[in-house]
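Below: the structure, in structure tokens.
Derivation of every value follows stated rules applied to the coordinates shown; laboratory data play no part. None of the values given here were measured: they were computed from a predicted structure. Positions of Cβ are backbone-derived with ideal geometry, glycine not excepted, and every protein chain shown enters the neighbour counts.
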Amino acid sequence: MTQARPARFIHRTNAAQAECERPPEICAEAFALVVRQTLPKRTVAALARMTPARQVATARTMVAVDNLSGDFARALLAATPSSERADDARGRQSHPDCAGRLARMEQGLVQIQLEAAELRSHYYDDLFHLALAASYVRGWMRNEVVTAWLYSHHQEFAIVLDRLAKTADFAIEAGRPMRLPYSPAASPAISRKGKSGRRPPAGIQTR
């Protein structure tokens, strides 16, 4: 005889509403800058160790460069002077030279993020143009008339284009070998296997 199972209660939450709730460690002004975005836990933890004014400045910087990651928040925390950190119980003041170095560090971090965003904006366009150019080169090098003319008039260009065409063909070839960051023969699991690809049974010695 089967016993009746206890009733299961499902607690449903509104995820959109949960994301809009302000963490108690973040001031309202700083949270208003990122209210429509999801903050990682490491970002919240880094902001919680700053004073409210520093939280606002950091949030503005992160939104400006479109980077709310925990790594960037921790980097900005490291560039925060002691006077603007909430986790310094003694309220120590940073040395003027140290404060200057921290300010330059923060400026460098922001500049790197801006440069990365600029490169990222052109990445897909460059990738599209490269793929389009590769398709044209593959079509040219498959034409015997074009290939013969190139080798007779511009042999150095023909050699380079032929190499590019072969590389493009290999990139779309099905079942091509995968490039690994290590040598398969150096793998301990593979080196323990026999020539047949299977591990020898226990008690049998291999030569």
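Taking every Cα-Cα distance in the stretch 28-84 and sorting them into 5 Å bins starting at zero, the pair-distance distribution P(r) comes out as 4, 22, 39, 27, 8, 1 percent. Label-to-label distance, LYS166 versus LEU114, with points set 7 angstrom from Cα along the beta-carbon direction: 4.6 nm. Annotation: amide H of ARG85 within the under-5 Å range of THR51, sequence separation 5 or more or interchain, hydrogens built in the peptide plane.
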